[in-house]
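Worksheet: the structure to be examined is printed underneath.
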Amino acid sequence: MPDLAQLRARIGALEGLPGLGAGRPAGAVPLGAAAIDDSLPWGGLAAGGLHEIRAEKADDAGAALGFAAYLLGRMAKARRGRLMWLTLSDHIHAPGLAGLGLPVDRLLLVRPARTADLLWAAEESLRCKGVAGLLADIDGADFRSARRLSLATRGSGVPGLLLNRGAPLGAPLTRWQVKAAASEATIGVGAWRWHLALTRCRFMAAGEEDRSLHWLVEAKYAKGGFSLVALSGDRSVGQAGQRRQAG
Amino acid sequence: MPYLATDRLAKPDNGARPDDSWAVAEAGTQRRLVAVNRAAERAGLKPGMSVADALAIRPGLKLAPHEPAEEDALLGRLAEWCSVYTPFAAPDLWREGIGSAGLWLDISGCDHLWGGEEALLNDLTGRLERLGFIVRAAVADTPGAAWAWARFGAGGVVAAGGAREALATLPVSALRFAPDVTLGLARLGLRRIGDLYPLARGPLAARFGSVVGRRLDQALGAEEEPISPLRPPHSLQVQRRFVTPIGRSEDVAAAVRFLLPRLMQLLERQQLGVRRLDLSVFRVDSSSVRLAVGTSRPTRDVNALFRLMALQLDGLQAGFGIESLMLAASVAAPLAARQQDMEDGESAECLSEMLDSLGNRLGFNRIQAFAPAGSHLPERAVRRLSADAAATALIAEPWPDQRRPPILLSRPEAVAVTAPLPDAPPLLFRWRQTLHRVRRAEGPERLEGEWWRDQSPARDYYLVEDEDGGRFWLYRLGLPGEFNPSRWFVHGLFA
């Protein structure tokens, strides 16, 4: 097992993938929920990589966008620079993003007219070290474009989120499937709850790359801003810690 | 350019033979010739003749419709290309009488670059002739005299101070009069320009208005007649001409690389930075293109500007070759020695470069930032700031505390609902063909437009959650019971 882990780490290093094995790399962006961060090989979302977010059903589009906006807000917290949001549509509502912990004053919205322009703009943005994080709202991407984005983010260390409505992509390091969950409150509507499924994560322990991990999370307002709390999940922190040492 | 209308069509690359007769006729029932080429002229065809007559005289005549707009456009392109010779070049759109089409060039101070007026003129006519245009050209002290000498005189250079003598024998129509003025002068026996010299101005002005005296003065240099150039010339420009035309994009890029530092030196002396950079590309076939890049803030960064320009060079068609490039800072703004910025130097620089490259390809209006606006209505609660404003760090302004959806539909969508009471949230609603059972709801929050802006009904907003956890922002239009049945809309989706 250690041999295999070493081999993986070496392959990762050769591929120029974000640091593995030697503890938490400085570039990782923690999600803020310990249970989830501890399950990820990087202790959060790897900075020099792409992360795909998908809605489980069309009805979960709001939840998926909300989770993506939350992650972009976490990138803003961990890194300096501007946030980029690239989309073909024009329906994002800044007050709602602010309510998810996203610092809107650092956000730039880019609205290209065509998908090809959007992918090009995403690549340009990901190359720029002055970008804290990027979110591209896409309807699938061809293999080559996704690969280019992935290379751009590796080169600069700028983390990229792909809110993808199209076919799943191969290039991202992680893939998250989001589903809205009913809230809990004695009166009115409670804090946002989502079912998160990590359906792909590179550099998990052997045999676990294709196994999904599930969490039910709640987005909470707390002191110092907005945070995510894992209410239940199918892994305990201890197990995840062991696995991180291994892989 | 007396035969521009037909030369335009009878170009060798259209498969035309030089001895073909060409004519341009206007559309419509009258069908009269508007212009003929030299071969047709020799056969006896004249503008104004009917098409039927012309075909009887010259059965092989090639006819084309009259397209004044196309001719003007061609003339405009030629004038643009002529800025190789001088920054003051303009098409002559004078449309009366013969020899209508022409180009104005103010070559004051430019001729020495070409080895004198004669040499410049030869170069210009030679090039235009190679393109299949028949050209008559003249250089004189005034635009009026040059106009007359090119069309009615022998052409060529009129020596300085020789205009009065040269024009004396030319017909009065060489002074650019309308046909009725020419006719009126002819009735008085005034056929030559020289006939006008001794006359008193008063009676002429009484009869024909000031035009006769003015044109005469303009031709002889007593009155200024400026040529209005296509574009005002830039003092902030540099040019490079090539001995052999270039075509490869690497060569063009290299030339831009050569010109950029020189332009930056000009700017630096004046403490300016580029906001907009124009590259004019002059091809050997007398066509030209202009590529422009904009920047979000004034800059003198050669590498950044080169990268922006290189993006534009990709689509450049060299055609038969490029003989000259001109780089101009068409918009410049003061640029202090050092820039202050809230972000770190290197990353801020790369950010502004990246935004410039995005803006140039996508349009700067497609990059926006958000700031709160003081309106209660959700569709007016956000101000969109331009890329310019967005390029500098914003001051964080607080957003309202109420829960707002991250997705706001650009147009609220009407839904059918089941609500127990007029002032209660719905139990059921159908949106986009799906039935949603409401499990939880919060509200109402009454939002109204500002009274001074509009009189639209108030809206009662509810945050509702369905049994699957889908969260929606619904509103009922009007006060409870104002509309019967009540009208409901989905306006946003919560996370």
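Below are the figures for this structure:
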{"read-out": "Cβ-defined net charge surrounding B:Thr244, 14 Å radius [Lys, Arg +1; Asp, Glu -1]", "value": "+2"}
{"read-out": "3J(HN,Hα) from dihedral phi, segment B:302-309, Karplus parametrisation 6.51/-1.76/1.60, rounded to Hz, x for glycine, proline", "value": "4, 5, 5, 5, 5, 4, 5, 5"}
{"read-out": "Local electrostatic count at A:Ala152 - Lys and Arg +1, Asp and Glu -1, tallied over other residues with Cβ under 12 Å", "value": "+3"}
{"read-out": "Under 5 Å, built H, 5+ apart or other chain: amide partners of B:Trp431", "value": "B:His436"}
{"read-out": "Test item: Cα-centred dipole of segment B:407-493, Lys/Arg +1 and Asp/Glu -1 on Cβ, debye", "value": "260 debye"}
{"read-out": "Global form of chain B, assessed from the alpha-carbon gyration tensor, a/c cut-off 1.5", "value": "prolate"}
{"read-out": "Dipole of the protein assembly as shown [Lys/Arg +1, Asp/Glu -1 at C-beta], most positive-end residue of A:Thr115, B:Gly60, B:Ser410", "value": "A:Thr115"}
{"read-out": "Cα gyration tensor category, rounded, prolate or oblate, for segment A:62-155 with a/c compared to 1.5", "value": "oblate"}
{"read-out": "For chain B, size of Cβ-based charge dipole, Lys and Arg +1, Asp and Glu -1, in debye", "value": "1060 debye"}
{"read-out": "Phi-based couplings in Hz for segment B:68-75 (Karplus 6.51, -1.76, 1.60; Gly and Pro marked x)", "value": "x, 5, 5, 5, 4, 5, 4, 4"}
{"read-out": "Antiparallel content of DSSP bridges confined to the protein assembly as shown, in %, to 5", "value": "75 percent"}
{"read-out": "Dipole magnitude of the protein assembly as shown, debye to nearest 20 (Cβ charges: Lys/Arg +1, Asp/Glu -1, about Cα centre)", "value": "640 debye"}
{"read-out": "Structure-based [θ]222 nm, the protein assembly as shown - -39500 (n - 2.57) summed over DSSP H runs of at least 4, per residue, nearest 500", "value": "-9000 deg cm²/dmol"}
{"read-out": "Listed residues A:Ser183, B:Leu421, B:Met326: farthest to the positive end of the dipole of the protein assembly as shown (Cβ charges)", "value": "A:Ser183"}
{"read-out": "Entries of A:Lys77/A:Lys129; A:Lys57/A:Lys77; A:Lys77/A:Lys220 with Cα pairs more than 24 Å apart", "value": "A:Lys57/A:Lys77"}
{"read-out": "³J(HN,Hα), Karplus 6.51/-1.76/1.60, whole Hz, each residue of segment B:207-218, x for Gly, Pro", "value": "8, 10, x, 6, 4, 5, x, 5, 4, 5, 4, 5"}
{"read-out": "19 Å reach of a label modelled at B:Leu421, 7 Å along Cα-to-Cβ, counting backbone N of segment B:467-482", "value": "B:475-482"}
{"read-out": "Interchain or long-range residues, amide H under 5 Å from A:Ala28's placed H", "value": "A:Ala47"}
{"read-out": "Reachable aspartates and glutamates from B:Lys62, criterion Cα separation under 17 angstrom, eight or more residues apart if same chain", "value": "B:Asp7, B:Asp13, B:Asp19, B:Asp20, B:Glu26, B:Glu41, B:Asp53"}
{"read-out": "Rounded, prolate or oblate (a/c below 1.5 giving rounded, otherwise prolate when a/b exceeds b/c) for segment B:407-493 by Cα gyration tensor", "value": "prolate"}
{"read-out": "Added length on full extension, which subtracts the Cα-Cα distance from 0.36 nm per residue, B:Ile134 to B:Arg430", "value": "99.1 nm"}
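Bear in mind that the values in this text are calculations on the coordinates, not laboratory data. Worth saying up front: this structure is predicted, and the values here are computed from it rather than measured. Cβ sites come from the backbone with ideal geometry, for glycine too, and all protein chains shown count toward neighbours.
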